[in-house]
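Input: a single structure, listed below in structure tokens.
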């Protein structure tokens, strides 16, 4: 089959398809509807991130152990002694054997020799027996003892040890036998009792008994309410008595029952006692507290324990301890709360003050503490205003200003004289505000100053003299005789110069008056002490200075109390009878709001008390009236003569016949010039970024940035600019500035916080707004040379509909990648190494330098070209195509190129720094910035390298994870990464998106050493240096000349006097003028290549002593100059930074074809749709001709 036949068969289905007009229309209709639906619903699935709910933490329940029943405690008695004595009781450790369950069985003891004893039967105790043990609660057993039966063996009384504080489940057992030789033994009258009727939990009860058989073993059974019984062995002494110590349960047990039985279980005597109610929130006798009832103790300082004992909430107190340091005067200590605070209470010197000459003391706040269970108060130490200010400032001396108050005093007149005296202040400190003022007898002046000594002087008016100046020397804030005054007060005394008339004394023979003496109402005293009548308001005559005079001084009658015509104002007065406002009428200010002399305040009256009257604001003398009901429609109502005005479009009020009113009569803003709602235009925005970096910037310098956004189409709400700086560039706090349409609005914008990245919240912006943001970033002083990058984007929301996102389109920036913009900052630093050298001869020279600049910035115009082509095609189709065809193309364009109000073309951008090239640095820091629009997930960055011997790119180091929405970091190389001379290429990827590729030439071998060194001294202050560079194949690019007046020095930036641009195998003569013509100077020369590698040295008998690598900042490349005298300090450096070429992606190992289609697939698809549409129209016309 021929090729022609193959092509024909291929086009047959196509031609048939186009001949099927209806089928083609159906396909187009489906595509149009699908694209429309996709554009409607796509923002809801793409633009709105979903957040997973934060899991609620599961509370951990701490298991509480189940209490068990208290076991019966069995005590093993010690060996009996021969005879009981009153020696101190020995308390050996008893052997305590708890059993599983309590029992009332008698405890078996070792069997001594039994001696039968006949005990007489006793039923009731004799009335005259006074030897019974006393107790708060006791009873005798009603059952008589059986004498015929033998009792337990009589033996020497056993002394059981007293055990205090031993914890057992059923309480603490304590036993002790005490002899009482005063008890009678002729009659048995058994009785037991306790030392108190009521106890606190865990308290020790003393149980005593008497009237028992002597030296006899018994069982003591103690039973707490709802608790198992506890049985203890006891032995009566030689008088039939015993004493036993029993510790109560540490929990509340209401009632205890005590029984004394024989070994056979016969009850002989009983008694009872109760447990105090600790835990009922009521403090009772024997308790220090109970729950929240702390008695007189404070809940903020104390709490109550389970034993109803007071405890401190905080057992330590924070104090400022005197450090005796000349810089840090106090340190924070936290001693225990006590009377002496671990000795701090004795540090009782004064509070530190400037100029103190003694040891200052601690600053301790007052607090309460416990002393043996008693609440005591520590009153504090140095707890003055100054001490509290230091304590509240974390024990650091707060900055404090001092004041000087100047008061005027008169020696020969009363305080009524109001003569004004101008004053001024000066001193050795700083004065806040004005240094001048005016004082009189009723007005003082206070100056705010820093600690120091000041002097106040005054200017005397005519007829006055100064008697005493108490303000000639005033010291504040500085100790004088161990006393510091912060608020100084001083007085200046003056008196009048006395004349015969005017001496303040009335001589009735020659004077009618003197001063105020003899002067009546509406009179003055002349300089000749003669009375003169004055015109006054209210005399019925309009005198000079009066506007009216109605013979009185009343207000509200047209002429006020000062004979001024009263001002009037138009108001709307509500007529209660007619239920309507009267026509506008003029009323006096004074009938609404005026000064009340008697009350010394402004008073509302008359119409001002009518709640419905509409009154505008006005000022009546010292009284400012704010108006009444004067707002909104009432203003227009009053201005229209108290009648409802006709609707006005543009007054921000929707009135009759209006559907909107936005405060203007401009079309195109959603509300037309006739206040009718109009169709809204979609909003759009552009963003650009620039910096003021001119030439090369040294490390440690700074750079200013400017971001500009322009709003068009419609208003945008919640507009934000996100800005990411490169690593090592730190936003300078307080440097931000915001201009909106040329007006500074910085005060209304919150300062951005640059926590990588920084966000500028600009609020709601209107169509036509232009906002310029500017700030300064400081560059790290240890930055490596190179071109550093940054990123920024902006977004907001539409003001209508569903508040869709609006993304600004980048323009007019060094870097533009759709919605992203960025700048470049070239950092230049020398990477030369310095050496130490010693010289034995002397000679010298220098050159002139010039600066270099980087290429200017450009912009991306692809979207402008696309828009123009689409517009031209649209005009063509409008003339030749059907409406359906136009709809197909428009829907396709709408789907493929959505408005920036609904979508963002590429939400991620990444840029890589271009390091200096060539370079001799192997440990490069390749700084990158990566930023994602509306990013909520981390960004994974990979670093790739291709060396001179590598066949392709390979990943360098581990993955780097950046937190959303982006950040900046470094790809770091080392000697293992850059291990040979040659060209290295680097790029990074962020979530698979590639950055720009940068290239670095790595050189380590230096140039040859210069030769043919000669030094002459043609004059006293000049040296002439000659040298020739090595024939090293073009490696030499410059020679540096170093100079010193000593024979051993470092060859570095501190000793270089000239940097001479020169190539290989060239001779130069350089003249150098020295700073001191009377000294001998020594010179050393060294060549460098373009990577900063240095050669050996030549000069005045050079001896190399050491090498060290340095990085110094420089200015620009040098221009060769010979035979020119230069200032000896000028040092010309080097530094060449290649320009960058960024387009958002780089080649690396990427496929060019796939990258092109991935970037421009939408444009290609739209082009195919347009071609297909044109073919369809052509075929349709062709069929129409047949």
Could you line up 671, 649 from fewest to most neighbouring Cβ atoms inside 10 Å? 649, 671
If you wrap the range 319-392's Cα atoms in a convex hull and average its projection over all directions, what's the area in nm²? 4.9
With the crude spin-label approximation of a point 7 Å out along Cα→Cβ, what separation in nm comes out for residue 976 versus residue 490? 7.5
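Set the Förster radius R0 to 60 Å, insert the Cβ-Cβ distance between residue 250 and residue 599 as r into 1/(1 + (r/R0)^6), and round the FRET efficiency to 0.05. Can you show the working numbers first?
Working: r = 71 Å, r/R0 = 1.18.
With a Förster radius of 60 Å, E is 0.25.
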Sequence gap at least 6, Cα distance under 8 Å: using those rules, report the relative contact order of the range 568-639 to the nearest whole percent. 27
Relative contact order of the range 402-496, defined on C-alpha pairs under 8 angstrom at six or more residues apart (%): 38
How high is the FRET efficiency from residue 753 to residue 940, r the C-beta distance, R0 30 Å, rounded to 0.05? 0.75
If the label point is 7 Å along Cα→Cβ of residue 376, which residues in the range 336-363 have backbone nitrogen under 17 Å from it? 336-347
So residue 666 and residue 743, fully extended at 0.36 nm per residue minus their Cα-Cα distance, gain in nm 25.5 nm
Once both labels are modelled 7 Å past Cα along the beta-carbon direction, what's the residue 299-residue 539 spacing in nm? 7.5
Once you put a point 7 Å from the Cα of residue 782 and another 7 Å from the Cα of residue 482, both along the Cβ direction, what distance in nm separates them? 5.2
Fewest-first ordering of 978, 956 by Cβ atoms within 10 Å yields 956, 978
How would you rank 782, 539, going from fewest to most other Cβ atoms within 10 Å of each one's own Cβ? 782, 539
List the extent of the Cα atoms of the range 682-827 along each of their three principal axes, largest first, rounded to whole Å. 51, 32, 25
Express in nm, to one decimal, how much length is gained between residue 1101 and residue 570 on full extension, taking 0.36 nm for each residue of separation and deducting their alpha carbon distance. 180.9 nm
Kindly rank 1089-1099, 1169-1179, 264-274 from highest to lowest mean number of other beta carbons found within 10 Å of each residue. 1089-1099, 264-274, 1169-1179
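If you average the sequence gap of Cα pairs under 8 Å that are 6 or more apart and divide by the length of the range 319-392, what percent do you get for the contact order?
Details: 121 pairs, mean separation 20.4, N = 74.
It comes to 28 percent, rounded to a whole number.
Mind ranking 802-813, 294-305 by how tightly packed they are, going by the mean number of other C-beta atoms within 10 angstrom, highest first? Mind dumping the intermediate values first?
Details: 802-813: 20.2, 294-305: 14.6.
Highest-to-lowest ranking by the protection proxy: 802-813, 294-305.
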With a Förster distance of 41 angstrom and the Cβ-Cβ distance between residue 578 and residue 553, calculated FRET efficiency to the nearest 0.05 equals 0.65
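Bear in mind these aren't lab numbers, they're just calculated from the coordinates by the rules spelled out. Just so it is clear, the structure is predicted and the values come from calculations on it, not from any experiment. We place every Cβ from the backbone using ideal geometry, glycine too, and count neighbours over all the protein chains shown.
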